[in-house]
Amino acid sequence: MDKITPCLWFDGNGLEAAQYYVSVFGGSIDHVSYYPQDNPSPSPLPGGSVLLVEFTLFGQSYQALNGGPQFQFDEAVSLSVACADQAELDRYFDALTADGGKDGPCGWVTDKYGLCWQLVTRQIMDNYKTDDREGIARMMGVMMTMRKLDTAAMQAAFEGKVA
């Protein structure tokens with residue numbers, strides 16, 4: 001188990017969500033725990049229901065907790081995916097926006113479970129690590145007009161090759 005593991009709160013569909021994320025990104029379902037049949041504590045789900053799912057994506061451990069309807073995901077927390085290239089970004093974008101997911105500004109996506117993701121290529125992230133403030137500003141200006149990020153257009157803006 002990792003020292004720090006993100007725990008994602010779901011309303012009864014944590015196993016379904018974990019299986020979905022593993023199908024999109026690859027990885028594994030590592031363990032499933034269940035609410036006790038005779039659970040003495042107030043539980044949002046009946047005894048025998050899935051309580052906690054431990055799963056792994058790209059070597060990072062996650063937990064999906066079926067805690068009930070009290071809490072929902074929002075943009076204050078997102079998972080950022082460093083895509084190898086535009087094709088990988090496009091593939092994840094299409095998968096995460098399918099079946100009720102929604103695209104958002106600047107490469108953000110909200111999946112069908114309400115979890116927010118940032119999809120960006122490593123090339124663009126590398127540009128942010130440079131000292132080229134003007135290039136970064138141009139790239140960000142172009143990015144602010146996008147929903148799904150276009151790496152080629154952002155790179156051209158970074159290099160000053162667009163007006």
Once the Cα atoms of helix 133-143 and of the chain are each reduced to a long axis, what angle between those two axes, in degrees from 0 to 90 to the nearest 10, is obtained? 60
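With respect to the cross-link table entries 112/148; 102/161; 129/161, which display a Cα-Cα separation exceeding 22 Å? List each step's numbers first, then the result.
Values: 112/148 17 Å; 102/161 31 Å; 129/161 20 Å.
Where the Cα-Cα span goes over 22 Å, the pairs concerned are 102/161.
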Compute the helix-to-body angle for 86-97: its Cα long axis versus the longest principal axis of the chain, expressed 0 to 90° and rounded to tens. 40
Measure nothing but the geometry: give the 0 to 90° angle between the long axis through the Cα atoms of 14-25 and the longest principal axis through the Cα atoms of the chain, rounded to 10°. 30
Computed [θ] at 222 nm, deg cm²/dmol, the chain (DSSP H ≥ 4; -39,500 (n - 2.57); rounded to nearest 500): -9000 deg cm²/dmol
Taking H placed 1.01 Å from N in the peptide plane, check which residues at least 5 places from residue 83 or on another chain put their amide H under 5 Å from its amide H. 120, 121, 122
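Net charge near residue 53, counting Lys/Arg +1 and Asp/Glu -1 over other residues with Cβ under 12 Å of its Cβ? Each step should come with its number before you reach the end.
Working: positive: none; negative: 16, 30, 54.
With Lys, Arg at +1 and Asp, Glu at -1, the net is -3.
Could you work out the Rg to Rh ratio of segment 44-92, with Rh taken as the Kirkwood radius (inverse of the mean 1/r over all Cα pairs)? Write out the running numbers ahead of the final one.
On the way: Rg = 15.1 Å, Rh = 13.9 Å.
Using only Cα positions, Rg/Rh for segment 44-92 is 1.09.
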With DSSP loop assignment and no more than 13 other C-beta atoms within 10 Å, the GluC sites (Glu not before Pro) in segment 19-108 are 75
If you plug each phi of segment 115-123 into the Karplus form 6.51 cos²θ - 1.76 cosθ + 1.60 with θ = phi - 60°, what whole-Hz ³J(HN,Hα) values come out, in order, with x for Gly and Pro? 7, 8, 10, 10, 10, 8, 7, 4, 4
Counting other C-beta atoms within 10 Å, and keeping those with at most 12, which DSSP coil chymotrypsin sites (Phe, Trp or Tyr not before Pro) do you find in segment 65-163? 71
Given H placed on each backbone N at 1.01 Å, which residues far from residue 12 in sequence or on other chains put an amide H within less than 5 Å of it? 67, 68
Loop sites only, by DSSP: take the trypsin sites (Lys or Arg not before Pro) in the chain that have at most 16 other C-beta atoms within 10 Å and name the longest stretch containing none of them. 4-111
Correct choice for Cα extents along the principal axes in Å that was computed from the model, options (1) 37, 37, 33; (2) 71, 43, 27; (3) 67, 28, 24: (3)
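Throughout, read-outs are computed from the coordinates displayed, never taken from laboratory work. Remember, predicted model here, so these are calculated numbers, not experimental data. Ideal geometry is used to build each Cβ from the backbone, glycine not excepted, and the neighbour counts take in all protein chains shown.
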